[in-house]
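Notes follow the structure.
The values are calculated or read from the model by the stated rules, or taken from the named source; none is laboratory data. Because the structure is predicted, anything quoted here is derived from the model rather than measured. Because the Cβ atoms are built from the backbone with ideal geometry, glycine has one as well, and the counts that use them run over all protein chains shown.
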Amino acid sequence: MFLRVLISCLLVGLLALGSQVSYGSEPDYGILRLSWKTVGEKIQVELAEQQDDVPVHMRAAEGTEDRMRDYQLTVEVDEVGWLDKLFTPPGFNRDRPITVFEELELPPGPHRLKLKFLPVPEDGATWKPEIEKTVEIEAGVIYTLELEGPRE
């Protein structure tokens with residue numbers, strides 16, 4: 001019995017010592033993370049001619065349907081283009097929230113950031129987030145930039 005307790009204590013002690021050992025080294029860069037989810041804004045889209053094979057009860061009224069806007073994300077870091085990407089709402093009816101999750105490794109220090117998340121088409125849109133700021137990146141640290149979506 002005493003031998004079992006002694007062996008158990010030794011194993012727990014070795015496990016505690018092993019948990020203090022560092023595996024690998026810290027990165028010499030930081031990460032800029034863009035992370036947000038938005039429902040965006042609805043727009044009415046003209047439909048092509050109604051097909052005769054679509055049942056009447058399934059046809060859109062007035063030849064239009066509601067859809068969520070696409071958004072064009074452009075990001076410059078230190079006046080150099082990093083990202084230019086179109087985000088389309090997912091889902092069969094393009095009515096699901098858009099999720100943005102992008103990461104960029106940057107050297108430590110201050111970096112000038114210009115971000116535009118513009119609706120496509122832009123006419124009539126009320127939510128057009130644009131950010132221009134300096135971010136301080138630290139080695140081994142993730143800097144997360146989030147946007148707040150439009151209020152309904």
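Some observations on this one:
- Of all residues making up the range 99-119, the number that are in contact (Cβ under 8 Å) with a residue 60 or more places away in the chain, of a type outside the set (D, E, K, R) and part of a strand (DSSP E or B): 9
Every residue, every condition in (1) aromatic (Phe, Trp, Tyr); (2) in contact with a helix residue (DSSP H, G or I) (Cβ under 7 Å, 6 or more places away or on another chain); (3) closer than 30 Å to Pro27 by Cβ; (4) free of Cβ contacts under 8 Å to residues at least 12 places away in the same chain, yes or no:
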| position | (1), (2), (3), (4) |
| --- | --- |
| Leu86 | no, no, no, no |
| Arg94 | no, no, no, no |
| Pro121 | no, no, no, no |
| Pro129 | no, no, yes, no |
| Tyr143 | yes, no, yes, no |
| Glu146 | no, no, yes, no |
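- Scanning the range 23-79 for residues that are at pLDDT 90 or above and of a type in the set (A, V, I, L, M, F, W, C) yields a count of 7.
- Applying the condition of being within 13 Å of Phe117 (Cβ to Cβ) and among the charged types (D, E, K, R) to the range 22-43 and asking which residue is surrounded by the most Cβ atoms within 10 Å (Cβ to Cβ) yields Glu41.
- Considering only residues in the range 123-135 that are surrounded by fewer than 16 Cβ atoms within 10 Å (Cβ to Cβ) and over 20 Å from the mean Cα position of the chain (by Cα), the one that is modelled with the highest pLDDT turns out to be Thr126.
- Qualifying residue in the range 108-120 (condition: at pLDDT 85 or above, surrounded by fewer than 15 Cβ atoms within 10 Å (Cβ to Cβ) and farther than 27 Å from Tyr143 by Cα): yes
- Flag for Glu122 being acidic (Asp, Glu) and assigned to a strand (DSSP E or B): no
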